[in-house]
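The values are calculated or read from the model by the stated rules, or taken from the named source; none is laboratory data. The shown structure was predicted, so the numbers you read here are calculated from the model rather than taken from an experiment. Virtual Cβ from ideal backbone geometry, glycine too; neighbours counted across all protein chains shown. The area values use the complete protein model at the heavy-atom level, side chains included, leaving out ligands, DNA and RNA. Shrake-Rupley method; radii C 1.70, N 1.55, O 1.52, S 1.80 Å.
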Amino acid sequence: MLKTYNYPKFEYRRPPEIASGKTLKVPLVVVGAGPVGLAAALDLQQQGLPVLLLDEDDTVSIGSRGVCYAKRALEILDRYGVGDAVCAKGVSWNVGRTFFREEEVYNFNLVPEPDHHRPGMVNLQQYYLEEYLAASAAARPEIELRWRNKVVSVAQNGRTVTLKVETEDGFYTVETDWLIAADGARSPIRRMLGLEVEGKIFMDRFLIADVVMKAEFPSERWFWFDPPFHPGQSVLLHRQTDSVYRIDFQLGWDADPEQAKKPENVLPRIKAMLGDEREFELEWVSVYTFQCRRMGRFNHGNVIFIGDAAHQVSPFGARGANSGLQDADNLGWKLKLVISGLAPAALLDSYSEERIYAADENLLNSTRSTDFITPKSKVSRTFRNAVLGLAKDHAFGRALVNSGRLSVPAFLTTSSLNTPDCAGDAFSCRMVPGAPMDDAPVVENGVDGWLHNKVGQRFTALYFADDPQQLDAATIEALSSLSCGGIAVQPLVISRREGSVGGNIQHLVDARGVAARRYDAQPGTVYLLRPDQHVAARWRGLDVAKIKSAVAKATCNA
Amino acid sequence: MALNLNPNFSEAGKRYFNAYTPADDFYELLINTHRDLSDEQSELLNARLILLLANHVGDIGTLREALKIAREGV
Ligand SMILES: Cc1cc2nc3c(=O)[nH]c(=O)nc-3n(C[C@H](O)[C@H](O)[C@H](O)COP(=O)(O)OP(=O)(O)OC[C@H]3O[C@@H](n4cnc5c(N)ncnc54)[C@H](O)[C@@H]3O)c2cc1C
């Protein structure tokens, strides 16, 4: 057990189906209550769907795993009701230092981008994240969470998936229309369905240690290449919550994991790194080998894979849980539309396409970082060391140093759900169709808030105006008409000046013009935002027919 | 022409959404070009590459500066 954290123990309740012997029939099951399964359950619940969530365990993530949650993940967590808790408990860091052999070659200060609600990242042990998500899920009666319920078999027949679930009191059967497999990297469901996952294992091992520092120690990220206390390898030191520091020692493939884990071998390594005088206590040690792989497709009929079950990356760049949360975000609204009969099942193919695009970007970036950190050949090591040598004095060298590229969301520029810009509509910003929307400070009814918290979970037409009083009746009528029909679009006026908009349309004030600048907006500019806060389309003028056809495109109804 | 020591990679027709991407694109290309070569072959590849790039730069003053910086760090 850890000294700084008490693992919650979630209550197991005897499922009523065991006594009744009846098959439980539900529309939707999520298997796995890790961060991604919990996120999926919360997303689907917010879409108005009842969720049965099964997990074989009765607590949160054990030991040291995910640490770093990036801005996009924090924005998504806001919608699951845990953004504030994660940011309050998590620690922010801005200064990163890079060392090569004996000396510091450079440092950087990631000053948070102004005018964003959430910082670039916070560091927090994964068990806290899961604890908050589990509490948020437990507070919603539409989510039935069954701990210590293990799925032991799965069969797909036609439109039904049949699960056999094992508990300490015996077995029962569940029939469901949809199964979301969030059962982690080893995914028993993937295996039971005989599905493949392709990729490579990195021929390297890492020792992960969590230590509690007894004295003040800076909130910084330190990365060493080839340090004197651990020659030939790399070491990463990262601050987490509760004065716990995470240390990753690269061990090399030949290391014996059992030997390396022993305290008598770990402690001297850490002492050598910190200098003997600093007091610390060892909280957790384990040895990992990393995989980089993904499934060929993420949806197989009515079984859909998300999170580590669908894809795994090396942890350089913190892309595992961060991307899993984006899977949940991408899937929830699509599944809701399909279940409601408002979109064809083909919309779920776009879940697979878009998240594979993102997974490939994550795999590419984490593989590049791994190749830089652990060179595979002599010439690769020579180049790496040359870069580090040049980085000390030259900016171009620093740009080449790659000790992990922090998780950022994919710009889904090639998605078939996007409506390309019209020929005459010129834009000069990053908010292209497929882009994850940029945040901005806004005021609603005199209260300060953030743009990203005002949209999401449904389609939104963001209409930019200068003076809201000047909107003519035709514009107001056109905007109001968007909320009618099968797939409603929420109209949202965002104006530079204060004032009121007629017709009960939601209205935000962009007092300093930050949103207008980030979206390169002029009065009359319209952005169609998807329920997952990606841009679907944009225009220089309001045209209801164009918005409707872009919604049709974004929902595979075109 | 002064030697440019600031980040300077880009590819025509490509739009970058992250500042780190162009340098990482180049570095991967460089390392991949060496894939499956022996150390000796890699050395030869590097020599050929330097000659190609040096001719492309052309300006001997610039090359002198680059050679000097390269030598100082060895
Ligand atoms: C050393 C290390 C460092 C990392 N650092 C980061 C980081 O900084 N940032 C980041 O974003 N990610 C990081 N990750 C990755 C992150 O931990 C994973 O991506 C994340 O846990 C994946 O979540 P998941 O919900 O998909 O799977 P998991 O967390 O593995 O959850 C799967 C769940 O499924 C349950 N389950 C499995 N089989 C069954 C069954 N048959 N029946 C019922 N339930 C079942 C399990 O009990 C478990 O709760 C790191 C990982 C490691 C190992």
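Give the residue that is nearest to residue A:399 (Cα to Cα), with candidates limited to residues of the range B:27-48 that are open to solvent by less than 50 Å² (accessible area, probe 1.4 Å) and either at pLDDT below 95 or facing chain A (nearest Cβ under 9 Å) (or both). Selected residue: B:27.
Looking at A:74, A:53, A:49, just one residue is in contact (Cβ under 8 Å) with a residue 24 or more places away in the chain and away from the ligand (no atom under 16 Å from the Cβ), and that residue is A:49.
Taking helices (runs of 4 or more DSSP H) as the structural unit, those lying wholly within the range A:468-558 and holding at least 3 residues that are out of contact with any strand residue (DSSP E or B) (no Cβ under 8 Å at 6 or more places or on another chain) correspond to A:473-481, A:544-554.
Checked against the criteria, residue A:111 counts as exposed (fewer than 14 other Cβ atoms within 10 Å of the Cβ), more than 12 Å from the ligand (Cβ to nearest atom) and at pLDDT below 95.
Could you identify the single residue in A:516, A:511, A:440, A:473 that is surrounded by 20 or more Cβ atoms within 10 Å (Cβ to Cβ) and over 25 Å from residue A:329 (Cα atoms)? Show your work before the answer.
Working: A:511 fails: surrounded by 20 or more Cβ atoms within 10 Å (Cβ to Cβ); A:440 fails: over 25 Å from residue A:329 (Cα atoms); A:473 fails: surrounded by 20 or more Cβ atoms within 10 Å (Cβ to Cβ).
The unique qualifying residue is A:516.
Counting residues in the range A:16-31 that are assigned by TED's automatic domain parsing to the domain that holds residue A:174, crowded, with 19+ Cβ neighbours inside 10 Å and near the ligand (Cβ under 9 Å from one of its atoms) gives one or more.
Which ones in the range A:318-344 are outside any helix (DSSP H, G or I) and within 16 Å of the ligand (Cβ to nearest atom)? Residues satisfying the conditions are A:318, A:319. Scoring residue A:349 on the criteria (1) within 14 Å of chain B (Cβ to nearest Cβ); (2) among the charged types (D, E, K, R); (3) open to solvent by 20 Å² or more (accessible area, probe 1.4 Å) leaves a single failure, condition (1).
Got at least one residue in the range A:271-281 being within 16 Å of the ligand (Cβ to nearest atom) and outside the structural domain of residue A:531 (by TED's automatic domain parsing)? No: zero hits. Scanning the range A:142-186 for residues that are within 12 Å of the ligand (Cβ to nearest atom) and on the phi > 0 side of the Ramachandran plot, we see that the one that is farthest from the other protein chains (Cβ to nearest Cβ) is A:148.
Being more than 8 Å from the ligand (Cβ to nearest atom) and assigned by TED's automatic domain parsing to the domain that holds residue A:325 is the requirement here; does residue A:35 meet it? Spell out the reasoning first.
Working: more than 8 Å from the ligand (Cβ to nearest atom): no; assigned by TED's automatic domain parsing to the domain that holds residue A:325: yes.
No; evaluated as a whole, the condition is false for this residue.
Going through (1) of a type outside the set (A, V, I, L, M); (2) more than 8 Å from chain A (Cβ to nearest Cβ); (3) open to solvent by less than 70 Å² (accessible area, probe 1.4 Å); (4) at negative phi one by one, residue B:68 falls short only on (3). For the range B:49-56, indicate whether the set of residues that are at the interface with another protein chain (Cβ under 7 Å from one of its Cβ atoms) and at pLDDT 95 or above is non-empty. No.
Specify the residue that is farthest from the other protein chains (Cβ to nearest Cβ); the eligible residues are those in the range A:376-404 that are hydroxyl-bearing (Ser, Thr, Tyr) and open to solvent by 30 Å² or more (accessible area, probe 1.4 Å). Spell out how you get there, then give the answer.
At the first step, the residues of the range A:376-404 found to be hydroxyl-bearing (Ser, Thr, Tyr) are A:377, A:380, A:382, A:403.
Restricting the remaining residues to those that are open to solvent by 30 Å² or more (accessible area, probe 1.4 Å) gives A:377, A:382.
On the way: A:377: 7, A:382: 9 Å.
Ranking the qualifying residues of the range A:376-404, first place goes to A:382.
If you go through the range A:235-263, how many residues are touching a residue at least 40 places away in the same chain (Cβ under 8 Å), surrounded by fewer than 20 Cβ atoms within 10 Å (Cβ to Cβ) and more than 15 Å from residue A:286 (Cβ to Cβ)? Counting residues in the range A:235-263 that are touching a residue at least 40 places away in the same chain (Cβ under 8 Å), surrounded by fewer than 20 Cβ atoms within 10 Å (Cβ to Cβ) and more than 15 Å from residue A:286 (Cβ to Cβ) gives 5.
Based on what the data block shows, is residue B:12 in contact (Cβ under 8 Å) with a residue 24 or more places away in the chain and more than 11 Å from chain A (Cβ to nearest Cβ)?
Values: in contact (Cβ under 8 Å) with a residue 24 or more places away in the chain: no; more than 11 Å from chain A (Cβ to nearest Cβ): yes.
Against the criterion (in contact (Cβ under 8 Å) with a residue 24 or more places away in the chain and more than 11 Å from chain A (Cβ to nearest Cβ)), residue B:12 does not qualify.
Restricting A:79, A:13, A:65 to those that are within 11 Å of the ligand (Cβ to nearest atom) and open to solvent by 20 Å² or more (accessible area, probe 1.4 Å) reduces the list to A:65.
Select, from A:229, A:206, A:225, the only residue that is surrounded by fewer than 21 Cβ atoms within 10 Å (Cβ to Cβ) and touching a residue at least 40 places away in the same chain (Cβ under 8 Å).
On the way: A:206 fails: surrounded by fewer than 21 Cβ atoms within 10 Å (Cβ to Cβ); A:225 fails: surrounded by fewer than 21 Cβ atoms within 10 Å (Cβ to Cβ).
A:229 is the lone residue from the list that is surrounded by fewer than 21 Cβ atoms within 10 Å (Cβ to Cβ) and touching a residue at least 40 places away in the same chain (Cβ under 8 Å).
The single residue among A:308, A:248, A:276, A:254 that is within 23 Å of the chain's Cα centre (by Cα) and farther than 30 Å from residue A:177 by Cβ turns out to be A:248. Where residues in the range A:481-508 are open to solvent by 40 Å² or more (accessible area, probe 1.4 Å) and among the hydroxyl-bearing types (Ser, Thr, Tyr), which of them is nearest to residue A:341 (Cα to Cα)? So the residue we want is A:483. Within the range A:289-303, residues that are among the aromatic types (Phe, Trp, Tyr) have Cβ atoms under 7 Å from residues that are open to solvent by 50 Å² or more (accessible area, probe 1.4 Å) in these pairs: A:290/A:315, counting only partners at least 6 apart in sequence or on another chain.
Given the options A:369, A:407, name the one that is open to solvent by less than 50 Å² (accessible area, probe 1.4 Å), more than 14 Å from residue B:27 (Cα to Cα), more than 8 Å from chain B (Cβ to nearest Cβ) and modelled with pLDDT under 95. Spell out the reasoning first.
Values: A:369 fails: more than 14 Å from residue B:27 (Cα to Cα).
Residue meeting the stated conditions: A:407.
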